[in-house]
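S.K.: Got a structure for you, written out below as structure tokens; questions coming shortly.
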Amino acid sequence: MELINQHLPILQIVVPLIAAPLCIILRRRQLVWVFAVVVTWACLAMAGGLMLQVLSQGPISYHLGGWEPPWGIEYRVDAVNAFILILVSLIGAVVLLYAPASIEAELPEARASLFYTAYLLCFTGLLGMTITGDAFNVFVFLEVSSLSTYALIAMGTDRRALAASFQYLIMGTIGATFFVIGIGLLYMMTGTLNMADMAIRLQPVLATRTVLAAFAFLTVGLSLKLALFPLHLWLPNAYAYAPSVVTSFIAATATKVSVYVFLRFFYGIFGREYAFDTLHLEYFLVPLGLLGVFVASTVAVFQSNLKRLLAYSSIAQVGYMVVGIGLVSVTGLTATLVHLFNHAVMKGALFLALGCIVMRLGTVELGELRGIGKRMPVTMAAFVFGGLSLIGVPLTVGFISKWYLVSAALERGWWPVAVLVLLGSLLAVAYIWKVVETAYFHEPEGKTADATEAPLTLLLPTWILIGATLYFGATATFTAGLARAGAEALMGGLAP
Amino acid sequence: MSDQPILRVIAKMFIPFLMLFALYVQFHGDFGPGGGFQAGVIFAAALVLYALIFGTEQAKRVAHPQALQLLVAFGVLLYAGTGVAGILMGGNFLDYGALDHHDPVHGQHLGILLVELGVGITVTTVMTSTFFIFSARKKP
């Protein structure tokens, strides 16, 4: 037990990493699933353990291969990334419960064990990006998660899944290349890859043009990965044509981890003074974030495919997170971090609900879902609760996020931002209402006429996430408390 | 291309040397340029050359796709397993020095050898599998 506690940071990564190739060897579909479920839940337990250690003893540093930082690779867990680790492993574990029934309906038998391998690799990559304290190591794990995501998206049954995956491959590679160029330039100026060391050594050379170029490359590269408007073009198709399980997992985690890396680089390495007081990144982030909210939400209103509708809604929600980053205050960052968690929970649940519909009807075209609320009441109830949370109705997590965001905007004296955030919610009302109207105010006909409720194996994970949406909406002390601790750590920066 | 005698004879002459060179690059990687990735690519090149000259069906009898898939996984496991062995022997993950308590330098040698072997196996099998997958595609 002592050994496990001491090596917890690396086990968090190595356990799913070793489990992924083992899935290929185990081969049998059921066996692989049980194994993967055990692994992801163990990862959730480890993330919880790390959080407890951080809360009681402060940041943890783990040296790979016994090499001291800044020479060796350091895994560094503090209040911010312990929170993200819990988020990623929670979603990974819950979504996997849902996987067997859904992939049986959507994937050929031969691909099943490879699906779990790719899923666990993606899971490893996302956890790795979060936990590492080494700038280049972030890039390595970014590639691990991206490459496995491309494979997962391409598994979609629709032929357009291949095109969507290829589109994401191109855009994602451009993003990753920009990111690694930025890291290369920083390495050139500082001679180190350890984040904390880099933050210190960057201070004397901040005024150079090389650092400015690195800053620009990192901003664009990461904005692409987190799907900031107008660099979001890869996202709608990727989410729409991937298998439902995959959409749910990546929609809830991938962009969130990129937001975390963005925070780590701009608040941690460059520092608040350089990124915001000198270069005024907020004048770039806040308008683009708000534009993203309005454009993506408006496009969502006109979508007929529900997966695409929610994909555009995700772009809008990323907009809110970016606005929170641009407000440059503890409250603003709390809003971003709490919304990372909240959006992951609600969007995960919404995509799982869509997966239930895909299983029964084979489609999520709005035109074919008339009266579905009467045939699949439990699934659609989940969708409605998730939708209410997207809008930001009190007693759902969406409200908590909006509350912090609006208070942060008012705190800064930017009341137009607060007004625009609230107006953005009205657009969410429009696209959610469209679905509710079709589902509940029409008689079932065509495909929906003889649809039946989804099986319990799908409903249970969906409702676990909906339950979290409502629970953390009613008592936000846990999530908001952790988010505030993280925000305070971020505002302090990495350089002492 | 199995009807081309010159290609067949030259390929048969070259393939053993390609493989031997791959093994040299693999195991001399500790002391000179090289290592698992380069060696894996060279070894895979030998298999791909064989497949090009004698046909993929023949090549699949040498390197069975199922076996390749298992070896892809095995290479990663060998790498990660060496890292975990470091933990079990009382060091940190990937701490090769802990692999041999009497002589840490020997432990470092052993660790890097095993890790690079894992890389070599996975790179060889991934490259060969990728070639088989692309060559198995039906012509449009």
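Residues are listed down the side, and each one gets a yes or a no for (1) crowded, with 23+ Cβ neighbours inside 10 Å; (2) touching an Asp or Glu at 6+ places or on another chain (Cβ under 7 Å); (3) within 25 Å of A:Ala238 (Cα to Cα):
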| site | (1), (2), (3) |
| --- | --- |
| A:Phe351 | yes, no, yes |
| A:Leu361 | no, yes, yes |
| A:Gly367 | no, no, yes |
| A:Arg370 | no, yes, no |
| A:Met376 | yes, yes, no |
| A:Phe383 | yes, no, yes |
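S.K.: Please specify each residue of segment A:420-435 satisfying the condition of being under 19 Å from A:Val358 (Cα atoms) and in contact (Cβ under 8 Å) with a residue 60 or more places away in the chain. Break it down stepwise before answering.
M.R.: Restricting attention to segment A:420-435, the residues satisfying the condition of being under 19 Å from A:Val358 (Cα atoms) are A:432, A:434-435.
Within segment A:420-435, A:Lys434, A:Val435 meet the criteria.
S.K.: Another question, if that's okay. Considering only helices (runs of 4 or more DSSP H) fully contained in segment A:1-79, which possess at least 1 residues that are within 14 Å of another protein chain (Cβ to nearest Cβ), acidic (Asp, Glu) and more than 23 Å from A:Phe139 (Cα to Cα)?
M.R.: Correct list: A:2-6.
S.K.: Please determine whether any residue of segment A:404-413 is without any contact (Cβ under 8 Å) to a residue 12 or more places away in the chain and touching a helix residue (DSSP H, G or I) at 6+ places or on another chain (Cβ under 6 Å).
M.R.: So in segment A:404-413, the residues without any contact (Cβ under 8 Å) to a residue 12 or more places away in the chain come out as A:410, A:413.
Keeping just the survivors that are touching a helix residue (DSSP H, G or I) at 6+ places or on another chain (Cβ under 6 Å) gives A:410.
The answer is yes, given that some residue of segment A:404-413 is without any contact (Cβ under 8 Å) to a residue 12 or more places away in the chain and touching a helix residue (DSSP H, G or I) at 6+ places or on another chain (Cβ under 6 Å).
S.K.: Now for a separate question. Let me spell it out: the conditions are (1) free of Cβ contacts under 8 Å to residues at least 12 places away in the same chain; (2) within 14 Å of chain A (Cβ to nearest Cβ); (3) under 24 Å from B:Leu110 (Cβ atoms); (4) not hydrophobic (A, V, I, L, M, F, W, C), and B:Gln66 meets all of them except one. Which number is the exception?
M.R.: Single failed check for B:Gln66: (3).
S.K.: With the condition kept exactly as written, say whether any residue in segment B:77-100 is assigned to a helix (DSSP H, G or I), away from chain A (no Cβ under 14 Å) and aromatic (Phe, Trp, Tyr).
M.R.: Applying the first criterion (assigned to a helix (DSSP H, G or I)) to segment B:77-100 yields B:77-88, B:96-99.
Restricting the remaining residues to those that are away from chain A (no Cβ under 14 Å) gives none.
No: segment B:77-100 contains no residue that is assigned to a helix (DSSP H, G or I), away from chain A (no Cβ under 14 Å) and aromatic (Phe, Trp, Tyr).
S.K.: Related question: Name the one entry in B:Ala44, B:Ala67, B:Ala51, B:Ala11 that is at pLDDT 90 or above, in contact with a Leu (Cβ under 7 Å, 6 or more places away or on another chain) and of a type in the set (Gly, Ala, Ser).
M.R.: Values: B:Ala44 fails: in contact with a Leu (Cβ under 7 Å, 6 or more places away or on another chain); B:Ala67 fails: in contact with a Leu (Cβ under 7 Å, 6 or more places away or on another chain); B:Ala51 fails: in contact with a Leu (Cβ under 7 Å, 6 or more places away or on another chain).
That would be B:Ala11, the only listed residue that is at pLDDT 90 or above, in contact with a Leu (Cβ under 7 Å, 6 or more places away or on another chain) and of a type in the set (Gly, Ala, Ser).
S.K.: Follow-up question, since we're still on this one. Out of all the residues in segment A:126-181, which are assigned to a helix (DSSP H, G or I), more than 26 Å from A:Met359 (Cβ to Cβ) and β-branched (Val, Ile, Thr)?
M.R.: Result: A:Thr130, A:Ile131, A:Val138, A:Val140, A:Val144, A:Ile170, A:Thr173, A:Ile174, A:Thr177, A:Val180, A:Ile181.
S.K.: Can you tell me which residue among B:Leu113, B:Leu18 is hydrophobic (A, V, I, L, M, F, W, C), touching a residue at least 24 places away in the same chain (Cβ under 8 Å), away from every other protein chain (no Cβ under 14 Å) and closer than 21 Å to A:Trp67 by Cα?
M.R.: Values: B:Leu18 fails: closer than 21 Å to A:Trp67 by Cα.
Exactly one of B:Leu113, B:Leu18 is hydrophobic (A, V, I, L, M, F, W, C), touching a residue at least 24 places away in the same chain (Cβ under 8 Å), away from every other protein chain (no Cβ under 14 Å) and closer than 21 Å to A:Trp67 by Cα, namely B:Leu113.
S.K.: Which of (1) among the hydroxyl-bearing types (Ser, Thr, Tyr); (2) farther than 23 Å from A:Ile73 by Cβ; (3) surrounded by fewer than 22 Cβ atoms within 10 Å (Cβ to Cβ) is the odd one out, the single condition A:Thr192 does not satisfy?
M.R.: (2)
S.K.: Of these, A:Thr247, A:Thr210, which one is among the β-branched types (Val, Ile, Thr) and free of Cβ contacts under 8 Å to residues at least 40 places away in the same chain?
M.R.: Numbers: A:Thr247 fails: free of Cβ contacts under 8 Å to residues at least 40 places away in the same chain.
Of the residues listed, the single one that is among the β-branched types (Val, Ile, Thr) and free of Cβ contacts under 8 Å to residues at least 40 places away in the same chain is A:Thr210.
S.K.: What residue, of B:Ala44, B:Ala73, B:Ala11, is closer than 28 Å to B:Ala136 by Cβ, touching a residue at least 60 places away in the same chain (Cβ under 8 Å), surrounded by 14 or more Cβ atoms within 10 Å (Cβ to Cβ) and under 21 Å from the mean Cα position of the chain (by Cα)? Give the steps one after another, and end with the answer.
M.R.: Values: B:Ala73 fails: touching a residue at least 60 places away in the same chain (Cβ under 8 Å); B:Ala11 fails: touching a residue at least 60 places away in the same chain (Cβ under 8 Å).
Just a single option satisfies the conditions, and that option is B:Ala44.
S.K.: So which residues in segment B:82-109 are without any contact (Cβ under 8 Å) to a residue 12 or more places away in the chain, among the small types (Gly, Ala, Ser) and over 13 Å from A:Leu64 (Cβ atoms), if there are any at all?
M.R.: B:Gly90, B:Gly107
The values are calculated or read from the model by the stated rules, or taken from the named source; none is laboratory data. Everything numeric here is computed off the predicted structure, so don't read it as measured data. As a convention, Cβ positions derive from the backbone with ideal geometry for all residues, glycine included, and neighbour counts pool all protein chains shown.
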